[in-house]
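I have placed the structure first, in the form of structure tokens, so that the comments after it can refer back to it.
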Amino acid sequence: MIAELSGKLIRRSPAEAVIDVGGVGYHVFIPLSTFRALGEPGTDVHVFTHTHVREDTLDLFGFVTVGERTIFRALISVSGVGPKLGLAVLSGLSPEVFHRAVIDEDLALLTSISGVGKKTAQRLVVELKEKLSGLDVSSVGGEAAGEEAQTGDAVLALVSLGMKRASAREAVVKVREAAGEDLPVEEIIRRALRKAT
């Protein structure tokens, strides 16, 4: 199975990317966090991958950190959770925030993710709490995962202030891209709120 890809980014969208590795273009499904981290087409990129095989298809899912891939694999091990929902979860929450939500049995946070209802959230807690309790997601995430945790914290703060999760995440991503530098979470929140008004 393909575990990692290193090559040139040909194109990307919020849901997928094509990476040229030695003249072969690999189509990779990605969460929003990875989309943001990949940069512009033409740049050299590296992603950790999960190969998902079904009867009639072979799909690659790519993640900018090992932490994201670890959480994705845990998610799709839950009955009733497929790869698309796994990506939706990682597009809505950073690995650290999701990990904390499961450990704390925070059903309100889990159900705020598009596609996750109360029953699915309960199943995530029941099936993953023990599995994730000994896992330090931050230690396998790397620098980009730290950035994504910061994004997740800003999004959570904006949601608590009344913004829809998708709008909050979009605003935070735009603020970080426009800034071109690391910003404190408080400043990200301030700028995102200004964009929303």
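FYI, it's all coordinate maths here, none of it is from the lab. Here the structure is a predicted model, which means the values were calculated and not measured. Note: ideal-geometry Cβ built from the backbone for every residue, glycine included; neighbour counts use all protein chains shown.
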Handout entry: Relative contact order computed over the chain (Cα-Cα under 8 Å; 6+ residues apart), in percent
Key = 15
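Quote the Stokes-Einstein diffusion coefficient, in whole µm² s⁻¹, for the chain, based on the Kirkwood radius over alpha carbon pairs, a temperature of 20 °C and a viscosity of 1.002 mPa s.
In µm²/s, the coefficient is 125.
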Problem - Convex hull projection area averaged over all views, region 90-133, Cα basis, nm² - result: 2.6
Completion exercise
The simple spin-label model distance between E40 and S114, using points 7 Å out along Cα→Cβ, in nm, is 2.7
Problem - Residues with amide H under 5 Å from that of E16, placed H, sequence gap 5 or more - result: I30
Handout entry: Charge context of V78, other residues only, Cβ under 12 angstrom, K/R +1, D/E -1
Key = +4
Exercise for the section: Find the eigenvalues of the gyration tensor of the Cα atoms of region 4-63, then list the square roots of 5 times those eigenvalues as equivalent ellipsoid semi-axes, largest first, in whole angstrom. Expected result: 18, 13, 9
Completion exercise
region 4-63: relative contact order from alpha carbon pairs under 8 Å, six or more residues apart, as a whole percent, is 35
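At 0.36 nm per residue, minus the direct Cα-Cα distance, what do S77 and V53 gain on full extension? Give it in nm, one decimal, please.
Values: separation 24, 0.36 × 24 = 8.64 nm, distance 1.38 nm.
Full extension of this stretch gives 7.3 nm more.
Region 1-99: which GluC sites (Glu not before Pro) are DSSP loop and have at most 13 other beta-carbon atoms within 10 angstrom?
Details: sites: E4, E16, E55, E68, E96; in loops: E55.
Listed in order of number, the matching sites are E55.
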Practice task
Would you mind computing, in nm to one decimal, how far apart the modelled labels at A166 and K8 are, each placed 7 Å from Cα along Cα→Cβ?
Solution key: 3.5
